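The values are calculated or read from the model by the stated rules, or taken from the named source; none is laboratory data. All values derive from a computational prediction rather than experimental measurement. For neighbour counting, all protein chains shown are included, and Cβ atoms are generated from backbone atoms with ideal geometry for every residue, glycine included. Remember, those area values only see protein heavy atoms, side chains included, never the ligands or the DNA or RNA. Shrake-Rupley method; radii C 1.70, N 1.55, O 1.52, S 1.80 Å.
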Amino acid sequence: MVVLPYTVAFLLLSFLQTVKIANSQSFIGINYGQVADNLPPPSSTAKLLQSTSIQKVRLYGSDPAIIKALANTGIGIVIGTANGDIPGLASDPNFAKSWINTNVLPFYPASNIILITVGNEVMTSNDQNLMNKLLPAMQNVQNALNDASLGGKIKVSTVHSMGVLKQSEPPSSGSFDPSYGDLMKGLLEFNSANGSPFAINPYPYFAYRSDTRPETLAFCLFQPNAGRMDGNTKIKYMNMFDAQVDAVYSALNSMGFKNVEIVVAETGWPYKGDDNEVGPSIENAKAYNGNLIAHLRSLVGTPLMPGESVDTYLFAFYDEDLIKPGPGSERSSGLFKTGVTMVYDVGLSTSSQAPAAAPQPSPAAATTTTTTTTTTITSNSNSSTSTSTSTSTGTGTSTSTNTVNISIGSSSGSGSKVYLIRIFNLGLLYGFMGLSLICLFFYDLQI
């Protein structure tokens with residue numbers, strides 16, 4: 001009986017840690033592009049971030065004003081080198097050291113830089129010279145970090161589009177395009193050796209644009225649907241996001257790198273577009289992002305990676321009005337207005353984390369007969385652009401129309417489910433604390 005108080009204390013602390021982990025949202029990040037002339041000051045954005053459950057921010061560059069503004073917030077920061085910097089980084093180790101000396105050392109550790117992405121969607125750029133120099137550039141950046149004694153603290157990787165996959169459906173048959181051959185193998189060996197993630201940009205939005213049936217829209221928005229069966233694993237998927245992520249996992253596994261962490265560097269849904277665009281609407285954007293956030297918070301994971309949520313960076317923080325090429329949807333994916341208010345509520349505010357019930361897809365989006373077989377998207381990058389292609393076979397940024405996923409429930413209940421989980425956790429916590437006090441009370445009586 002002497003150990004009773006210590007046992008109770010240990011169990012209580014263990015339970016508190018479990019609840020903390022369950023409620024942690026370090027897996028929710030957001031992309032912060034700057035191709036705009038109406039963005040609020042970085043200090044305002046930092047303050048806004050701290051009022052949300054967003055724990056990580058991905059920059060396409062390394063703007064010192066933003067990095068400084070995020071100092072001492074604890075928010076994880078992903079910074080990036082431009083595609084145009086890759087040749088210099090690859091050929092000159094001193095250039096890589098200078099880059100680290102300029103963009104990392106003055107700010108770290110006060111600013112919590114966690115990852116450096118070397119280039120964006122380089123492997124699908126069709127620039128063979130850039131592709132060949134990507135790995136040497138990453139190695140030189142890694143070596144520069146090692147020389148600064150930061151090699152184990154800040155990771156180095158690059159970001160890929162879904163176009164690196166040759167096959168993406170069914171998810172269990174996911175495989176990389178063999179034309180990348182040793183180049184992709186070298187990148188994966190780098191990721192594995194350095195414990196850095198494989199960063200990918202899955203967009204169910206583009207999958208819907210290549211197949212505009214209402215059932216496909218529901219499948220992409222995590223809404224009630226019949227599901228799609230993976231004939232190899234007999235797993236029925238209920239949403240496109242899980243299918244795309246599991247296809248990437250299968251591709252990594254097929255090359256012997258299943259232990260390399262997957263990070264979703266971009267995913268989102270535009271809330272408006274041109275008149276001839278299929279899919280963009282406030283209703284659909286709110287449904288996708290809100291249900292995705294609820295799915296991540298559930299910690300259900302994907303069928304092939306259950307029980308955990310991959311780090312996922314939503315696209316995007318603000319609209320970027322200076323992205324000129326492409327359709328209107330390119331400039332309309334921001335979750336927040338530049339006046340630092342929400343475009344629509346998906347439950348990211350810490351004052352109301354249970355998002356409102358996601359609406360059903362708008363009739364216009366669900367019934368439109370226009371189809372688009374190829375789309376081009378320009379990623380927000382200050383000095384480089386990247387292209388993602390959506391096709392009916394599922395290469396590019398979308399999986400095929402037969403790709404499948406698992407959801408955590410209907411759109412109308414996703415936010416409520418997260419809220420109930422939190423109430424349940426708190427109930428267990430208070431119940432356990434009460435039981436602990438009772439045990440201690442009886443222990444005191446006995447002594």
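Remind me, what semi-axes does segment 47-119 give for its equivalent ellipsoid, largest first in whole Å, using sqrt of 5 times each Cα gyration tensor eigenvalue?
Numbers: eigenvalues 123, 30, 14 Å².
Ellipsoid half-lengths, sorted descending, are 25, 12, 8 Å.
Ratio to report: Rg/Rh of segment 223-321, with Cα atoms as the point set and Rh obtained by the Kirkwood method; give two decimals. Walk me through the intermediate numbers first.
Working: Rg = 15.2 Å, Rh = 15.1 Å.
Ratio of gyration radius to Kirkwood radius for segment 223-321: 1.00.
Give me the percent of Cα-Cα pairs in segment 129-173 that sit more than 13 Å apart, rounded to a whole number.
Values: 655 of 990 pairs.
The calculated P(r) of segment 129-173 puts 66 percent of pairs beyond 13 Å.
Quick one: if you stick a label point 7 Å off each Cα along the C-beta vector at residue 72 and residue 274, how many nm between them?
4.8 nm
With labels modelled as points extended 7 Å from the Cα through the Cβ direction, what inter-label distance (nm, one decimal) is found for residue 322 paired with residue 63?
0.9 nm
Given all pairs of different Cα atoms, what value in angstroms does the Kirkwood hydrodynamic radius of segment 82-150 take? Let's see the in-between values first.
Numbers: mean 1/r = 0.0811 Å⁻¹.
Result for segment 82-150 stands at 12.3 Å.
Rounded to two decimals, what ratio of Rg to Rh does segment 130-273 give with C-alpha atoms and a Kirkwood Rh? Show your work: numbers first, answer last.
Working: Rg = 17.1 Å, Rh = 16.5 Å.
Computed over Cα atoms, the ratio is 1.03.
Give, in nm to one decimal, the length gained when the segment between residue 308 and residue 47 is fully stretched (0.36 nm per residue of separation minus the Cα-Cα distance).
Numbers: separation 261, 0.36 × 261 = 93.96 nm, distance 2.86 nm.
The residue 308-residue 47 span can extend by a further 91.1 nm.
Hey, any idea what % of segment 59-169's accessible area is carbon plus sulfur with a 1.4 Å probe? Let's see the in-between values first.
Numbers: 1810 of 3960 Å².
Carbon plus sulfur share of accessible area: 46 percent.
Probe of 1.4 angstrom, ligands and nucleic acids ignored: what's the accessible area per residue over segment 129-255, in square angstrom? Write out the running numbers ahead of the final one.
Numbers: 4110 Å² over 127 residues.
The answer is 32 Å² per residue.
Measuring from the lowest to the highest alpha carbon on each principal axis, how far does segment 169-237 reach, largest first, in angstroms?
42, 25, 25
Taking the dipole about the Cα centre of segment 245-329, with the C-beta of Lys and Arg at +1 and of Asp and Glu at -1, give me whichever of 306, 280, 317 is farthest to the positive side.
306
Residue 282 versus residue 226, label points 7 Å from Cα toward the beta carbon: distance in nm?
Computed distance between label sites residue 282 and residue 226 equals 3.3 nm.
Report the FRET efficiency, 1/(1 + (r/R0)^6), for residue 26 and residue 91, where r is their Cβ-Cβ distance and R0 is 25 Å, rounded to 0.05. Don't skip to the answer; put the middle values down first.
Values: r = 36 Å, r/R0 = 1.46.
After rounding to 0.05, the efficiency reads 0.10.
If the chain between residue 258 and residue 189 were fully stretched, how many nm would it gain, using 0.36 nm times the residue separation less the Cα-Cα distance? Before the final figure, lay out the partial values.
On the way: separation 69, 0.36 × 69 = 24.84 nm, distance 1.15 nm.
So the extension gain works out to 23.7 nm.
Given the Cα-Cα distance of residue 128 and residue 101 and 0.36 nm per residue of separation, how much length would full extension add, in nm? Each step should come with its number before you reach the end.
Working: separation 27, 0.36 × 27 = 9.72 nm, distance 2.89 nm.
So the chain would gain 6.8 nm between residue 128 and residue 101.
Eigenvalues of the Cα gyration tensor times 5, then square-rooted: what semi-axes does that give for segment 45-200, in whole angstrom, largest first?
On the way: eigenvalues 148, 78, 34 Å².
For segment 45-200, the semi-axes come out at 27, 20, 13 Å.
Sort 181-194, 114-127 for me by packing, meaning the mean count of neighbouring Cβ atoms within 10 Å per residue, highest on top. Could you put the intermediate results ahead of the total?
Working: 181-194: 16.4, 114-127: 22.1.
Ranking the peptides 181-194, 114-127 by packing returns 114-127, 181-194.
Per residue and in Å³, how big is the convex hull formed by the alpha-carbon atoms of segment 150-207? Before the final figure, lay out each step's value.
Details: hull volume 5.7 nm³, N = 58.
Here the figure is 98 Å³ per residue.
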